[in-house]
Amino acid sequence: MKFLKTILCGLFVAALVPRVNAQSANPVEVTMNKVKLSFTLDAAGTPQYNVQYDQRTVVAPSRLGFALADDSTFYKDFEVLKTSSRSVNDSWQPVWGEVKSIRDQFEELTVSLRQRKAPGRLLNIVFRVFEEGVGFRYEFPLQPNLKYFVVTDELTQFRLTGDHKTFWIPGDYDTNEYLYTTSKLSEIDNTDMVKTSTDIAVRTAPDPYAVQTPLMMKSTEGLYINIHEAALSNYPAMQLHVDRAGYTLTSSLVPDAFGNKAYLHAPAQTPWRTVIVSNKAADLLASKMILNLNEPTSLTNTSWIKPMKFVGVWWEMQTGKATWNYSNFPDSMDARGNLIPNGTHGANTANVKRYIDFAAQHGIGGVLVEGWNKGWEDWFGNWKENVFSFTTPYPDFDVREITRYAASKGVTMIMHNETSGSATDYERQLDTAYRFMNQFGYPSVKTGYVGKIIPRGEHHDGQWMVNHYERVARKAAGHQVTIDVHEPMRPTGQHRTWPNWMASEAGRGNEYNAFSVGSPPEHETILPFTRLMGGPMDYTPGIFKMKGYASYAPDRQMHTTLAKQLALYVTIYSPLQMAADLPENYSAKPDAFQFIKDVAVDWDDTRIIEAEPGDYVTIARKEKGKANWFIGAITDENSRTATVPLSFLEKGQVYVAVIYGDGPGADWKTNPESYKIETFLVDGNSNLKLKLAPGGGAAVHVRPAAAQELKQLKKYNLK
Ligand code: NOJ
Ligand code: CA
């Protein structure tokens, strides 16, 4: 029915407002509000497109096309066979998300091309023009002279118009876990960053001038431009090679073991290339364009997919208090072949029960346990194929008893499958691993790919692995299991298609503040504009003990204040949010922990209040199906005052605002644990002024006031 509505509505609009010029005209233009896309063929028959925003050029005429194994010039000598257009104005409801309903409105132009030289191969380019940008993809139609083929290079270019300020990480085939560098386009060179990032397990970045997407830029005129991709499937991830003199970015696909990029079989299509643009940074964070460019899910029953918060036997290993491994390598076995316990194994039944009790007591939905299964003794760094069993617990992890105990307390157990990069081994065990989860009532799994990939020669972000992650998502869906993938390629909105793929890491998470020197205070203000553009991140926020937590590095500390850790539950979107610290550190500060207990993980509405990449982000979200709002405001190393007009609140309703802010003298470096909690009455006319310390933040819980609170509490007044 919805499909029919889309078509009828599309035809109707197209008939009334012919926004696409006559098909023979050259160039062909499509506009939507301030965004204009033009397509043309140049004198050599090379497809070219350009993008304008508010009459300013965002992408100057840029090349489209490919080098194929049997035709290195599949980018020129084309003629236009025909163009066709359609208009769509629809909306859809995500299974979970930042908003209840998503509007999908675009003008579409399909250009059908044929190469003039024999054998006259066909290529279509489909453009979708949205109010906030442009997406385009290539289609290889069914045709007699292109069946199985190999893409040796995609030649898509993005010719930018100036030396934009750029927030970038190296274009690495195996990781997205670098720190961001802010520089001009002309200054991009990843050599030092790749060399010095020894805290990242596997680094493969042969091109010093390649960067990862989402790539965030700001022009001197104040245009915010984001380049990424959508619906990455059966194709390698796209990185961008930067021509520093010409400000030109060229698609650089992650190669396979032979140096080839993609193996396709027509009819086939590439992911969408996306350019999102606005003169307001907040508009980029509100954009749903990447999600809209993904296919609707084919899962008919999604009732088993549930957003949740969780705690885990995890930070104690990250900080060196416990170990994943049960025995110490290499003397791990006695003469009879039994594992010798090392006495530091975190995933033992008693300790797991402690987390289950804590979760049950505080209404936290899930408990993750890492290090429960055999294989951790020498799991890392050996590029060996058969590392873990995903069905064999260590002797001190009583899976039956834990399942029974968790169920009796109403707590959900979260499975952990670390593969150490051996994707082949994981695929062999997938069926038994997911049956095991079903048998023991684990509706959710965190997977991981630390290490060099097997099949050897493949990369985390290449076509083979992109297909692997999708196979895992499909298999998990078949078993009604949700997944949280660590070390995959960065997301491209595929959670619309696979809503059980609830989160990914694919970036530099909070854990880097444990095993490395960490990430500076600006890091979390850049993530929404980069990594998070493609989808939710399992960042693992909520650390309360800010210094001296790492036993192996006593001077290690977090790079935020405690209040900022709370704000991250709102500014970093994920339907799965970990309360990452140890239960005892939460029990020591029950008043601050209350925010983590209360904060929602699924939303009806989201408002980006203010945002500037690298500097600050303030977001307000309305809890799904409830009248509550949660606000998160964060800053970089500079203190600032975040101003939050509460005009989104229901008119005439009085609310209670509980403000978890930076306390007296708070400073991420010198005094990170200083916080204060204040409670006021507010309404739609209130204007919060949240004072954020250097590296600080504020988290606010806003809920309708009860009758007696109207008398007891003071009204918020402007200071
Ligand atoms: C890296 C993941 O990001 C981390 O969360 C996990 O604990 C380790 N791998 C071990 O699997
Ligand atoms: Ca800054």
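Brief remarks on what is shown
- Out of every Cα-Cα pair that the range 51-116 contains, those further apart than 16 angstrom amount to 72 percent.
- Percent antiparallel among DSSP beta bridges (both partners in the range 299-507, rounded to 5): 10 percent
- Annotation: per residue accessible area for the range 2-292 equals 39 Å², rounded to a whole number [probe 1.4 Å, protein chains only].
- Restriction of the trypsin sites (Lys or Arg not before Pro) in the range 326-374 to DSSP coil positions whose beta-carbon has at most 10 other beta-carbons within 10 angstrom yields Arg336.
- If the segment from Lys147 to Ala286 were pulled out straight at 0.36 nm per residue, it would be longer than the present Cα-Cα gap by 46.0 nm.
- Shape category assigned to the chain from the gyration tensor of Cα positions, a/c cut at 1.5: oblate
- Mean accessible surface per residue for the range 299-507, computed with a 1.4 Å probe while every protein chain stays in place, in Å²: 35 Å²
- Non-local Lys pairs in the range 165-273, i.e. 8 or more apart or on different chains, that have alpha carbons under 21 Å apart: 4
- Spatial separation of Cα centroids for the range 483-537 and the range 430-466, in angstrom: 17 Å
- Surface share of carbon and sulfur [accessible, 1.4 angstrom probe, percent] for the range 2-292: 52 percent
- Listed pairs Lys34/Lys100; Lys597/Lys669; Lys306/Lys626; Lys446/Lys545; Lys288/Lys622 exceeding 20 Å between Cα atoms: Lys34/Lys100; Lys597/Lys669; Lys446/Lys545
- Two-site FRET efficiency, Ala118 against Asp42, from Cβ-Cβ distance with R₀ of 30 Å, rounded to 0.05: 0.90
- The range 2-292: relative contact order in percent, alpha carbon pairs under 8 Å with at least 6 residues between: 16 percent
- Normalised contact order of the range 287-390, rounded percent, pairs of Cα under 8 Å and 6 or more residues apart: 30 percent
- Environment charge at Asp42 (Cβ cut-off 15 Å; Lys +1, Arg +1, Asp -1, Glu -1): +2
- Loop chymotrypsin sites (Phe, Trp or Tyr not before Pro), the range 262-355, which have at most 16 other Cβ atoms in a 10 Å radius of their Cβ (DSSP): Trp304
- Checking every one of the trypsin sites (Lys or Arg not before Pro) in the range 413-490 against DSSP loop status and a limit of 13 other Cβ atoms within 10 Å picks out Arg456.
- Pairwise FRET efficiency - Gln439 versus Lys321, Cβ, R0 = 25 Å, nearest 0.05: 0.20
- Summed residue charge, Cβ within 10 Å of Tyr549's Cβ, Lys/Arg positive, Asp/Glu negative: +2
- Mean-position separation - Cα centroids, the range 557-630 and the range 210-243, in angstrom: 27 Å
- About its Cα centre, the range 532-599 has a charge dipole of approximately 140 debye under the convention of +1 per Lys or Arg Cβ and -1 per Asp or Glu Cβ, with nothing else charged.
- Taking only the C-alpha atoms of the range 571-719, the Rg (one decimal) and the largest Cα-Cα distance, Dmax (whole number), read 15.1, 43 Å.
- Kirkwood Rh in Å, taken over all unlike Cα pairs in the range 299-507: 17.6 Å
- The range 2-292: C-alpha gyration tensor shape, a/c 1.5 cut-off, then a/b vs b/c: oblate
- Its relative contact order, with pairs defined as Cα atoms under 8 Å and 6+ residues apart, puts the chain at 10 percent.
The values are calculated or read from the model by the stated rules, or taken from the named source; none is laboratory data. Please read these numbers as outputs of a predicted model, since none were measured by experiment. For neighbour counting, all protein chains shown are included, and Cβ atoms are generated from backbone atoms with ideal geometry for every residue, glycine included. Each accessible area value is taken on the protein alone, full model and side chains, heavy atoms only, with ligands, DNA and RNA left out. Shrake-Rupley method; radii C 1.70, N 1.55, O 1.52, S 1.80 Å.
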